[in-house]
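The values are calculated or read from the model by the stated rules, or taken from the named source; none is laboratory data. From a predicted model like this one, the values you see are computed outputs, not experimental measurements. Ideal geometry is used to build each Cβ from the backbone, glycine not excepted, and the neighbour counts take in all protein chains shown.
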Amino acid sequence: MTFHVMIIPTLNCPSNCKYCWGSEKKSEMMDIQVIKEIDKWLGGFRDDYVHFTFHGGEPLIAGYDFYKEALPILKNSETHKEAGFSLQSNLWLLDEKLAKLFSDYNVAISTSIDGPKEINDYQRGEGYFDKTMKGYNIAIENGVNVSFISTFTSYSKDFRDEIYNFFLKNGYNFKLHAALPSLRGNNADNWALTPKEHGELLIGLLNNYLNDLDKIEIKDFDHICKSSFIRRGTLCTFADCMGDTLAIGWDGNIYPCYRFVGMKDYIMGNVYNHPSMDELMKSNAWNKLMEFKNYVDDNCNDCDYVKFCRGGCPYNGIVSSAENNSNSNDNVNSNFKNESSISIDPQCLAYKMIFKEVSNRANKEFLKSNMNLFTNNNENKTNKFSIMDLMLKK
Ligand code: SF4
Ligand code: SF4
């Protein structure tokens with residue numbers, strides 16, 4: 001099991017995407033001393049390999065000197081075994097010097113583009129596309145591995161084919177991200193996909209993808225199909241993420257995941273105190289996550305997909321619980337509200353829709369392949385590739 005440590009050097013970001021809830025313009029900046037403390041804290045914390053992801057806000061605001069010092073500390077450490085580095089960035093601040101450094105340390109970058117320029121800039125702001133693609137080209141020219149994250153909103157869901165074809169035509173691998181409500185305020189609400197829209201989007205994109213497995217990669221479907229096959233979640237949303245992912249804010253505070261960073265109710269401890277997992281488990285944040293886990297064990301028990309869904313994302317469940325949505329927009333957020341103090345992920349319907357689609361397709365394929373044994377009937381397929389191709393993809 002790899003332990004995932006997310007490092008959030010700042011919540012600040014130069015961009016101003018309309019549905020973003022993850023940035024704060026006045027956020028402070030992490031000092032390199034925090035990285036040194038993370039390194040010390042990891043000694044004796046647990047024995048597993050550690051994967052580090054730099055996230056934000058916008059992590060490149062930390063600048064070249066920060067990474068020049070941080071990467072060797074985390075890589076050549078005697079306190080832990082490093083399993084790799086990733087960075088999530090809009091790439092506006094990437095220059096050749098930084099790109100070369102990231103290439104030297106094999107830092108895999110994910111960047112956010114929501115499809116063709118017109119759609120992207122409508123949701124993310126004028127000029128965003130060109131600035132990100134400029135950074136992308138610098139990264140590629142310097143040998144950095146870059147993939148994309150495409151956020152689908154209540155607006156862009158109607159342009160599914162245009163967005164898919166944009167990634168396909170350019171050969172860009174991507175992960176998809178549904179715009180969803182947040183604990184930090186309600187600016188994402190008007191952009192959020194309802195669970196049904198989210199489910200329909202997933203099914204539509206899966207259908208597209210099954211014609212192009214030899215051309216691009218959409219990681220979400222690789223995970224969803226693999227999880228259905230091995231009956232164990234391989235994406236954080238569909239696994240018990242608690243404790244196997246932790247996030248460190250600019251001041252060394254420790255949170256369950258980057259999505260909680262900056263929220264004082266979700267501070268589990270601080271790296272300067274070198275807390276053990278047992279100590280972190282005494283925090284209120286941990287109790288909240290355990291409430292979620294127990295709720296899933298009680299309420300998802302009868303679900304066919306529970307082994308590889310595990311109630312979805314705890315953060316989404318906590319957002320939708322009654323005590324946290326009092327500030328939210330009543331009209332839009334009713335799709336995500338729950339009257340109890342804890343809830344499963346309100347995207348449950350979307351997950352059920354896609355897992356059901358995958359399982360129905362797999363059953364049909366299985367039946368057909370058996371019938372073909374007897375009839376030798378090579379009926380035309382609707383997709384070039386099968387769900388089994390995706391399940392067995394390496
Ligand atoms: S809280 Fe949600 S986003 Fe964060 S690690 Fe867990 S499943 Fe993933
Ligand atoms: S699909 Fe819904 S009911 Fe089933 S495990 Fe996931 S959240 Fe629970």
### Task
Quickly run through segment 127-158 and pick out the residues that are within 19 Å of residue 221 (Cα to Cα) and out of contact with any Lys or Arg (no Cβ under 9 Å at 6 or more places or on another chain).
146, 157
### Task
Collect the residues in segment 265-283 that are surrounded by 22 or more Cβ atoms within 10 Å (Cβ to Cβ) and assigned to a loop (DSSP other than H, G, I, E, B), keeping them in residue-number order.
268
#### Entry: Residues located in segment 286-309, provided they are surrounded by fewer than 24 Cβ atoms within 10 Å (Cβ to Cβ) and either within 14 Å of ligand 1 (Cβ to nearest atom) or at positive phi (or both)
286, 288, 290, 291, 293, 296, 308
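Residues are listed down the side, and each one gets a yes or a no for (1) in a loop (DSSP other than H, G, I, E, B); (2) hydrophobic (A, V, I, L, M, F, W, C):
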site	(1), (2)
11	yes, yes
16	yes, no
19	yes, no
23	yes, no
30	yes, yes
37	no, no
40	no, no
44	yes, no
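Might you check whether a residue that is modelled with pLDDT of 80 or more, within 13 Å of ligand 2 (Cβ to nearest atom), of a type in the set (Lys, Arg) and in a helix (DSSP H, G or I) occurs anywhere in segment 284-292?
Residues of segment 284-292 modelled with pLDDT of 80 or more: 284-292.
Of the ones still in play, those that are also within 13 Å of ligand 2 (Cβ to nearest atom) are 292.
Those left that are additionally of a type in the set (Lys, Arg): none.
Taking every residue of segment 284-292 in turn, none turns out to be modelled with pLDDT of 80 or more, within 13 Å of ligand 2 (Cβ to nearest atom), of a type in the set (Lys, Arg) and in a helix (DSSP H, G or I).
Tell me which residues, restricted to segment 133-145, are outside any helix (DSSP H, G or I) and either among the acidic types (Asp, Glu) or buried (at least 22 other Cβ atoms within 10 Å of the Cβ) (or both). Steps first, please.
Initially, segment 133-145 is screened for residues outside any helix (DSSP H, G or I), giving 142-145.
Residue satisfying the conditions is 144 alone.
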### Task
Could you list, in sequence order, all residues of segment 121-131 that are surrounded by 17 or more Cβ atoms within 10 Å (Cβ to Cβ) and either within 13 Å of residue 170 (Cβ to Cβ) or small (Gly, Ala, Ser) (or both)?
129
### Summary
Taking first residues from segment 235-261 that are at positive phi and second residues anywhere that are more than 8 Å from ligand 1 (Cβ to nearest atom) and among the charged types (D, E, K, R), the pairs with Cβ under 7 Å that are 6 or more apart or on different chains are 252/37
### Task
Kindly state which helices (runs of 4 or more DSSP H) lie completely within segment 152-264 and contain at least 2 residues that are at pLDDT below 95 and either away from ligand 1 (no atom under 13 Å from the Cβ) or closer than 30 Å to residue 34 by Cα (or both).
219-230
### Query
Quick check, is residue 69 assigned to a loop (DSSP other than H, G, I, E, B), more than 16 Å from ligand 1 (Cβ to nearest atom) and either in contact with a helix residue (DSSP H, G or I) (Cβ under 6 Å, 6 or more places away or on another chain) or not hydrophobic (A, V, I, L, M, F, W, C) (or both)?
no
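For the condition surrounded by fewer than 15 Cβ atoms within 10 Å (Cβ to Cβ) and under 21 Å from the mean Cα position of the chain (by Cα), what is the one hit in 83, 179?
Working: 179 fails: surrounded by fewer than 15 Cβ atoms within 10 Å (Cβ to Cβ).
Every option except 83 fails the conditions.
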### Query
Could we say that residue 271 is over 18 Å from residue 55 (Cα atoms) and β-branched (Val, Ile, Thr) here?
no
### Query
Among (1) assigned to a helix (DSSP H, G or I); (2) away from ligand 2 (no atom under 13 Å from the Cβ); (3) modelled with pLDDT under 90, where does residue 378 come up short?
(1)
